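Chemist: Okay, handing you the structure first.
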Amino acid sequence: MTAATNRYFGSPVLRNEDAPLLTGAAMFVDDIDFSDMLHVAFLRSPHAHARIEKIDTTATHDRDGVVAVFTADDLGAFWAPSPLVVPPPPIEDLVFNQRTQTPLARDVVRYVGEPVALVVAENRYLAEDALDRIVVDYDPLPVAAELEPSAQVDAPMVHDVRGNVAAEVRQVKGDYNLAKNNADVVIARRFLYEHGLAQPIETRGIVARWDTKAEHLSVWAATQTPTSLHGGLAQLMGLGSHQIRVVAPFVGGGFGSKLLMYYPEELMVPWAARQLGSSLKWIEDRSEHFVATSQERGQIHDAEIAVSQDGKILGLKDVFLHDNGAYNPYGLTVPINSQCAVLGPYVVPAYDSSFKAIFTNKPIVAPFRGAGRQHGVFVIERLLDIAARQLGIDRVEIRRRNLIPSDAFPYKNGIMFQDFTELQYDSGNYLPILERTLEIIGYESFVRDEQPILRAEGKCVGIGVVCYVEGTGIGPYEGAKVQVDPSGRVHVATGIGTQGQSHFTSFAQIAADLLGVAVDEVDVTTGDTDQFGWGAGTFASRGAVVAGNAVHEACSAVREKILNLAAEHFECSSQQLSIENGEVQTLDKPDQSITIGELAVLANPMRGAVKPGTEPGLQATRYFGPEAGTTASGAHAMIVEVDRETMMVKILKYVVVHDCGTPINPMVVEGQIHGGVAQGIGNAFYEKVMYDDAGQIMNATLADYLIPTSMDVPVIELDHIETPSTMNPLGIKGVGEAGAIPVAPAFAQAVEDALGIAEGGSEILEIPLSPNRLWELAEGGTQ
Amino acid sequence: MKPAPFRYAAPRSIEELLALKAEHGDDAKFLAGGQSLIPTMNFRLAQPAVLLDLNTLPDQNFIVETSSGGVRIGALVRHSDIETSETIARSHPLAHEAIRFVAHPQIRNRGTLCGNLAHADPASEMPAVMLALGGRFHARSAASDRWIDASDFFLSIFTTALEENEMLCEVEMPPLPPGSGTCFLEVSRRPGDFAMMGVATVVSLDEAGRCAEARIAYCSAGETPLLAPGVAASLAGEEPDETALLNAARQAAEEIDPPGNVHLTSAYQKHLVAVLTGRALRTAFARANTSASQ
Amino acid sequence: MLEELVTVSTVVNGKHYRRVVEPRLLLSDFIRHDLGLTGTHVGCEHGVCGACTILVDEKPVRACLMFTPQADGHAIETVEGLAEENGELHPLQEAFRDKHGLQCGFCTPGILMTMKAFIAQHPKATEGEIREALSGNLCRCTGYQNIVEAVRLAVSRIGGSS
C-alpha cells in the first residue's frame, strides 16, 4: 500500500479545541450542574501539627440548607492511608519510610490545610457558613517547619521517624574521591533552591454523582490522571470498574498540581455522594489551593565540582536535603529527578550524590512542571559558572568543553532515573544547540562590544547562557482506540487527560495523515474512562510521546483495515490504493472511489459473519510502552538590565533553542516553551511561598504570591534543532516542562554579570530572588 | 471563599443612607467600589451585618473645578474617571500620574477614590497623593457635616478620623502653588501591585529658582501615608541642585522609617526611600522649571 | 430598607433577566450558576487573576468583586455574547485561534472581555499598551506572547475593517 503522507504532522495546524474554549462553550468541572446537586466545603486544620482532641459538629445540625457533615469517625473501613502511587526505584541501600495521607485527618493533623471534616449543603455559601459552626479542640504539637532544622535527630517528629527521614538515597558513578585528588580546582558551594506553586488559573474540583438504581458512580474531576483515579476509586470504594466512570473534562491547567493521588477531596466527594445517593460538587477555592494542593519547595545542596585546569569536569559530589512535606504518596520522583538533573548534558566521569527527603509539617510535595529538575540544573550550571570564573575560562567555553559529543549517543549515565531504568540519553546534538543559541542572542558581540558601551553609559546589563537536558516520555504505557464512523469522521480516544496541551489537535494530526481525512474531521476524546480506560496520565512531558505513538499505532492498524477492505471492494491489491479527502481511490482509476464512511458501514454488515481472525468495524486499539524515556535538550540565554539602585530587573532579550525531536505541531511546541519560560521567570524572581516557624503560609493570596504578568515576561525568540528520538517510531521527545527548567540559573548568571561579578560582585547561590534579596546580596558583597 | 450573609440597602439619597448608618452604626459598612471590601468579605475576614450601597446615590459622580482652581471629587468617582479626566490631568497632574499605579484597569473601573481613601491602606497610592497635595476630606453623618485635612485624616492602618457614622462624601484637592512641579514614583514587584515604596512630591520654585515649598509623602512607609516635613523644611530656600537632592534623599531615609513586611526588609525599604526621593524630586523640580518657563 | 433578599433586573448579552437573590451572591456566581452562563470563569475570588472579567455598561470589571444586587439596572456582557448568533467568531476570538493565544483556555474569556473594551478605546494600540492592558489578567499557560500577538492581529483586523 502507499505510505501515508505527512500533510499535517509537523505543521502549525490551528487547534480543534479553540472554538468551544473561545466562546465559553467548553465544559470545565465547575460548569457541570444537576438538579439534585449539593455542594461540599471542607473544614481544614488551622494548625501545622496538632492532636485532634474532639470534633463537635452539633451546631451545624439544625442549620437550614445543611444536609450532612462527615468526619473521619464516619468513614469506617474507608478510612485508611492512601496507597503509595509511585514506589521508590530499586536502588541499593535505599531507605524509604512510607507515610501517606488519609481521606480525613483523624487523630493528628500534620499541615495547615489538612482536611478534618466535610459539610454537604444546598449551596457553597451555606456550606461555608456551616464550617464556621464546627468546633474542633486541637492540642498543638511542636512543628517541624523549616527544612534543615527538621532533619536534626531531635527535631519535632511529623510522624514516628527520628530526624523526619522520609527517604535516604545514594547513587554513585565512578570514583569521586579519585577525581577530586586528580583535580586542579575543586569548588564547593551551598545552594538553596525553592521551587513553588503551580497555581493553574482553574483550581482543582470534583463532581460525583451516585445513581442508586444503577449502582453507578460518575465522576468529573479536574485531574491529570483520570484513569488512575478510576482505578483507585474502584479499589477503595469496593466497586467494579464497570460501576465507575471518571471524566476529566476541559481542565484549566495542571502543571503537576492535578496529578497527586489520591487527594483527600477526590476520595471524600465520591464517597459522600454514594452515602447520600446524590450529586455533589466541590470546587477548591484559591485560599484552599494554597494549602490543599501539592507544591514543590526547597532543597539545600552542598555540592562540589572537581575540574582540571582546562575546565574539564572530573567529578561531582552532591549531598542534599529535600523538603518532602507531611506525606510522601508520590515517592521519590522529585528528588530523584534533582539527582539525575545535576549531571546535565555534560560528560561527568565520577558522581557521588546522596540525599535525604525530610518530612515537614507543610503541604505534600509532588511534581510541579520540572519536578525537581530545576534544583539540579541550578546546581550544575552555577558550579560551571564559578569554575569558569576561577579558571579564567569563558563561561560558554567551559560548557563547550564538557558537552556530551553528538557521536556518544545513546549515552549511559550509570545511575537510575525516576522511571526505574538507567538514566540514558537516547539522542542529542548539544553543541549545535549551544552555538545556535549564542548566535541568536549575539553572545560574542554583546560581550565584546555592546556591554562595554552600555556599561560606560551607566547601564547594568548582563548576559546568561545555560544548557539543560530533560528526561521525557517515560512509560509505563498509553493506549488509544481509533474508529471510523459511518459519517466518515474519525474518533480517537485515549486515557490521558488534557490541560491545555492541544491533544485534540496533535493527536488529530497524526490520525488525519494516516487516515486521509482533515484534522477537523477527527474527534479526540481524552480522559473519559468510558471511552478509554487504560493509561497512566498526562505528566512528566509524556502525553504527546507516549499517547501520540499509541494513536499512531492504532491509526496504522485502522489504515490497514481500510485498505484491505477497499481492496476487497474494488477487487484489487491494496498496493494500488490511496486514501485522500476521506476517500479510498485506486491509483489507476482516479474516478473510482469509496468514502471511508461507506467502508465503515461495509465493515459492520447486518448479514454475513465476521470471518475468523477479523473484527467488525474500522477500529483498532493499540498500546505504546517505551522501554525508557527519551531525552530532550536545549539552551536558554537572556540579557538583563538591572537598576542598580532599586535592583529591579528587566529582561531585555530571551532566546531558547530547543530539541524535542520531531515536533508534531511547532506552533504548539512554541506555546509550551513560552509558558514554561514564564513559569521559570516566576520561579527565578517572583514566586516564593513563605512559611513561618509555626508552618503557617504567610502569603496565601494571588496578591502576595506573585505570578508573572504580561509586563514581566519578555518576548521569547525560539529556534528548533530536530534530533529524532530513537525510543519511539515517531521520533518525538516531550516538551511540556522544558521551558521552565533552566531559567533560574540563566537569570542568576545574567544578573551576576550585570552587577559585575567579575569585578567582585556577590555570587548568587539561591532561588527565588527578589529586588530586596539582590540588594542584600550586593550590600553584603565585596564592592 | 463566599462572603457571610448580610442585609443590604441601596438608598436613593444621601440622607437616607446616613440615616441607615446612624441606625446600624458599626454593624453597617458603606459599599462604594468594593474593590477592597469585597475581597476581604470573600475571605470572611470582614463579616459586616449590613451593607449600605452608595452606588445608587444620585449626583455623587462629579469632578468639579472650584473657583480657586481646586478640584472636588464626589463619592462615586471611580479611579478610571480620574485617569481619563482632562480637568485633573491639567489641574493636578500628580493625581493623574499616580492613579495609573492603582491596581489594574478592571479594578480602576470599579474602585472609587473616596472609598480608597476611607479604607486607609497605608500601601495605597492615593492617600499619599492627598497628603502631598494637602487635600481636604468632606465627612458627613446624619448629625454632622465637617471637613478634615488630609494630614489629620489617616490615623493608623485602616483607621481614619471618620467617626463611626461618618461617610467620606467628597474630597477637595486645593490648587497647586504657582511655579510648581509634581512627581509620583513607585517601585512595585509587578504592575498593579502595592508599592514596595512610593513617593508623591509637590515642589514649587520662587522667582530666583530656589525651592519655595516642598511636600513629600510616602506610601508603604508606615502605618499611615507619611509626610517628610524635615526634608521639606531643609529644601525650602535651597537651590535644587544635585547636592541638595542628594542631601534630601539621605535625610528622607533618616526621617522615614518603614517597618518592613513579609515581603520586604525595613533596610531595603529605607534604601528605596532615599532612591525614590532623589528621583522624584529631580523630576518634580525639572517640571517646576518647565512650568515656570512657560 | 434593609433586605435579606433582593430582586435584580439585568440585561445580559442583550437578554433580560429578573431574579430574586441573597445580596451576598457574587455576580460571578449569579452569572455562572443562576443564569447558566458558565463561560465566565472564576479563578481567585479576590480580584487578582482576572478570569471572571465581564463588561458592565461596557467597562471591564471583576465579576467576583461585585454583589449581584449591584448589577440591578445595568447591562452585562459575557464571553457568550461575543460571537455572532450564527456561530461566526468575533475578530478577537478569530485572532486568538490564529495566533495560538490560548492553551487551557480557562483565563481566555476574561482576557477576551478585557481586550474587547480595550480595543474599542485604543483602536491603534501598540504592543506596550496591549501588555499594560493585559496585566490585570493572569495566564499560567501561554507566557502571554501569543496573546499579545493575537490582540495585535485583532487590532489590525478591526482597525482595518472600520
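Every number in this text was worked out from the coordinates using simple rules, so none of it is lab data. Bear in mind that the values here come from a model prediction, so they are computed numbers and not experimental data. Methodologically, a virtual Cβ is constructed for each residue, glycine included, from the backbone with ideal geometry; neighbour enumeration extends over all protein chains shown.
Chemist: Starting at the first residue of region A:614-624, write each ³J(HN,Hα) from the Karplus equation 6.51 cos²θ - 1.76 cosθ + 1.60 with θ = phi - 60°, in whole Hz, x for Gly and Pro.
Modeler: Coupling constants for region A:614-624: 10, 10, x, x, 9, 8, 7, 10, 9, 10, 9 Hz.
Chemist: Separate question: Treating region A:415-514 as a set of equal point scatterers at the Cα positions, no solvent, please give the Debye-formula log₁₀ I(q)/I(0) at q = 0.19, 0.25 Å⁻¹.
Modeler: Summing over Cα pairs of region A:415-514 leads to -1.03, -1.26.
Chemist: At a 10 angstrom cut-off on C-beta neighbours, averaged per residue, how do the peptides B:81-90, A:85-94 rank from highest to lowest?
Modeler: So the peptides B:81-90, A:85-94, ranked by packing, come out B:81-90, A:85-94.
Chemist: Taking the alpha-carbon distance from C:Lys124 and a cut-off under 18 Å, which lysines remain once sequence neighbours fewer than 8 residues away in the same chain are dropped?
Modeler: Correct list for C:Lys124: C:Lys116.
Chemist: Under 10 Å from the Cβ of A:Ala536, count the other residues' Cβ atoms, weight Lys and Arg +1, Asp and Glu -1, and hand me the total.
Modeler: Residues near A:Ala536 contribute 0 overall.
Chemist: Also, I was wondering about something else. Using a Gaussian network model on chain B with a 10 Å cutoff between Cα atoms, which of B:Ala103, B:Ala143, B:Ala19 fluctuates the most?
Modeler: Among B:Ala103, B:Ala143, B:Ala19, the largest mean-square fluctuation in the Gaussian network model of chain B belongs to B:Ala143.
Chemist: For A:His569 paired with C:Glu88, estimate the spin-label separation in nm (one decimal), with each label point 7 Å from Cα along the Cα-to-Cβ line.
Modeler: Going by the 7 Å Cα→Cβ label model, 3.7 nm.
Chemist: What size of dipole, in debye to the nearest 20, comes out for region A:261-365 about its Cα centre when the only charges are +1 on Lys and Arg C-beta atoms and -1 on Asp and Glu C-beta atoms?
Modeler: 200 debye
Chemist: Among B:Asp121, A:Asp132, what is the fewest-to-most ranking by other Cβ atoms within 10 Å?
Modeler: A:Asp132, B:Asp121
Chemist: Let me ask something additional. Near the amide H of A:Leu765, under 5 Å away, which other amide H atoms are found, from residues 5 or more places off or on another chain, if H is placed in the peptide plane?
Modeler: Correct list: empty.
Chemist: Here's a follow-up. Which whole DSSP H helices in chain A pass both tests: a Cα extent of 24 Å or more along the axis and a mean Kyte-Doolittle value no lower than 0.0?
Modeler: A:373-391, A:548-570
Chemist: Here's something else I'd like to know. In sequence order, what are the phi-derived ³J(HN,Hα) couplings for region A:240-249 according to the Karplus relation 6.51 cos²θ - 1.76 cosθ + 1.60 with θ = phi - 60°, rounded to whole Hz, with x for glycine and proline?
Modeler: Working through the residues one at a time gives x, 5, 6, 8, 10, 10, 10, 10, 9, x Hz.
Chemist: Something else about it: For the pair A:Lys213 and B:Ser13, what calculated FRET efficiency results from E = 1/(1 + (r/R0)^6), where r is the Cβ-Cβ distance and R0 = 45 Å, to the nearest 0.05?
Modeler: That gives a FRET efficiency of 0.15.
Chemist: Given the rule -39500 (n - 2.57) for each run of at least 4 DSSP H residues, summed and divided by the residues of chain B, what is its mean residue ellipticity at 222 nm, to the nearest 500 deg cm²/dmol?
Modeler: It lands at -10500 deg cm²/dmol.
Chemist: Right, another one. What average count of beta carbons from other chains do you get within 10 Å of the Cβ of residues in C:126-138?
Modeler: The mean count of partner-chain Cβ atoms within 10 Å per residue comes to 5.
Chemist: Hey, another quick one. Project the alpha carbons of region B:190-237 onto their principal axes and report the range along each, largest first, in whole Å.
Modeler: So the extents along the principal axes, rounded to whole Å, are 41, 22, 10.
Chemist: Evaluate the charge dipole of region A:634-726 about its Cα centre and quote only its size in Debye, nearest 20, assuming +1 on the Cβ of each Lys and Arg and -1 on the Cβ of each Asp and Glu.
Modeler: Dipole about the Cα centre, nearest 20: 80 debye.
Chemist: Explain nothing, just the number: dipole magnitude of region C:6-81 about its Cα centre with +1 on each Lys and Arg Cβ and -1 on each Asp and Glu Cβ, in debye rounded to the nearest 20.
Modeler: In debye, rounded to 20, region C:6-81 gives about 80.
Chemist: Sticking with this structure for a sec: Taking every pair of Cα atoms in region B:180-293, average 1/r, invert it to obtain the Kirkwood radius, and report Rg/Rh to two decimals.
Modeler: Taking Rh as the inverse mean 1/r over Cα pairs, Rg/Rh reads 0.99.
Chemist: Same structure, new question: So how do C:Arg24, B:Arg190 line up by other beta-carbon neighbours within 10 Å, fewest first?
Modeler: Neighbour counts put them in this order, fewest first: B:Arg190, C:Arg24.
Chemist: Among C:Val151, C:Thr7, C:Ala51, which residue has its Cα positioned farthest towards the positive end of the charge dipole of chain C, with +1 placed on the Cβ of Lys and Arg, -1 on the Cβ of Asp and Glu, and the dipole taken about the Cα centre?
Modeler: C:Val151
Chemist: Counting pairs of alpha carbon atoms under 8 Å apart in space and at least six apart in sequence, what relative contact order in percent does chain A give?
Modeler: The normalised contact order for chain A reaches 16 percent.
Chemist: Taking the Cα centre of each part, how many Å lie between region A:570-605 and region A:248-293?
Modeler: The distance from the Cα centre of region A:570-605 to that of region A:248-293 comes to 48 Å.
Chemist: To continue, here is another question. I'd like to compare B:133-141, A:691-699: which one has the highest average count of other Cβ atoms within 10 Å, and what's the full order after that?
Modeler: B:133-141, A:691-699
Chemist: Work out from phi, with θ = phi - 60° and the Karplus expression 6.51 cos²θ - 1.76 cosθ + 1.60, the ³J(HN,Hα) of each residue of region A:725-739, listed in order in whole Hz, and give x for Gly and Pro.
Modeler: Couplings: 5, 9, 9, 8, x, 7, x, 7, 10, x, 9, x, 9, 3, x Hz.
Chemist: Sticking with this structure for a sec: With the calculation restricted to Cα positions, what are the radius of gyration and Dmax of region B:1-73 in angstrom?
Modeler: So, for region B:1-73, Rg and Dmax equal 14.8, 48 Å respectively.
Chemist: Taking 8 Å as the Cα distance limit and 6 or more residues as the minimum spacing, I'd like the relative contact order of region A:145-186 as a percentage.
Modeler: Dividing the mean separation by the residue count of region A:145-186 yields 22 percent.
Chemist: I'd like to compare A:294-301, C:76-83: which one has the highest average count of other Cβ atoms within 10 Å, and what's the full order after that?
Modeler: Listed from highest to lowest mean packing, they are A:294-301, C:76-83.
Chemist: Please report the base-10 log of the normalised intensity I(q)/I(0) for region B:63-173, using a Debye sum with one equal scatterer per alpha carbon and no solvent, at each q in 0.16, 0.17, 0.24 (1/Å).
Modeler: Those come out to -0.66, -0.75, -1.49, one per q.
Chemist: On average, how much area does the Cα convex hull of region C:91-161 cover when viewed from any direction, in nm²?
Modeler: With the hull built on Cα positions only, its mean projection is 3.9 nm².
Chemist: Could you please rank A:Met416, B:Met130, placing first whichever residue has the fewest other Cβ atoms within 10 Å of its Cβ?
Modeler: In increasing order of surrounding Cβ atoms, one gets A:Met416, B:Met130.
Chemist: Rounded to the nearest angstrom and ordered from largest down, what semi-axes does the equivalent ellipsoid of region B:97-239 get from its C-alpha gyration tensor (root of 5λ)?
Modeler: 26, 20, 13
Chemist: What is the set of long-range amide H partners of C:Ala83 at a cut-off below 5 Å, with H atoms built 1.01 Å from backbone N?
Modeler: For C:Ala83, whose amide H was placed from the backbone, the distant partners under 5 Å are C:His90.
Chemist: Can you give the Rg and Dmax of chain B based on its C-alpha atoms, in angstrom?
Modeler: In Å, with Rg to one decimal and Dmax whole: 19.3, 62.
Chemist: Also: Give the long-range amide H neighbours of A:Glu580: residues separated by 5 or more places, or on another chain, with amide H under 5 Å away, using H modelled in the peptide plane at 1.01 Å from N.
Modeler: Answer set, sorted by chain and number: A:Gln585.
Chemist: When you look at the Cβ of every residue in C:46-56, what mean number of other chain Cβ atoms sits within 10 Å?
Modeler: Whole-number average of other-chain Cβ neighbours for C:46-56 is 6.
Chemist: Suppose only helical runs count, i.e. DSSP H with n ≥ 4. What mean residue ellipticity at 222 nm does that imply for chain C under -39500 (n - 2.57) per run, divided by all residues and rounded to the nearest 500 deg cm²/dmol?
Modeler: So the helix-based figure for chain C works out to -9000 deg cm²/dmol.
Chemist: Between region B:99-144 and region B:2-77, what is the separation of their alpha carbon centroids in Å?
Modeler: If you average the Cα positions of each part, the centres end up 13 Å apart.
Chemist: Helix-only mean residue ellipticity at 222 nm, chain A, DSSP H runs n ≥ 4 weighted -39,500 (n - 2.57), per residue, nearest 500. What is it?
Modeler: Counting only the DSSP helices, I get -7500 deg cm²/dmol.
Chemist: Run the numbers on region A:600-757 and let me know its relative contact order in percent, using alpha-carbon pairs under 8 Å that are six or more apart.
Modeler: 33 percent
Chemist: Once you order the gyration tensor axes a ≥ b ≥ c over the Cα atoms, which shape class does chain A get: rounded for a/c under 1.5, otherwise prolate or oblate by comparing a/b with b/c?
Modeler: Oblate is the answer for chain A, as a/c is 1.5 or above yet b/c matches or exceeds a/b.
Chemist: When we measure straight from the Cα of A:Lys312, which lysines land under 23 angstrom away, once same-chain ones fewer than 8 places off are left out?
Modeler: Cα-Cα hits under 23 Å: A:Lys173, A:Lys180, A:Lys412.
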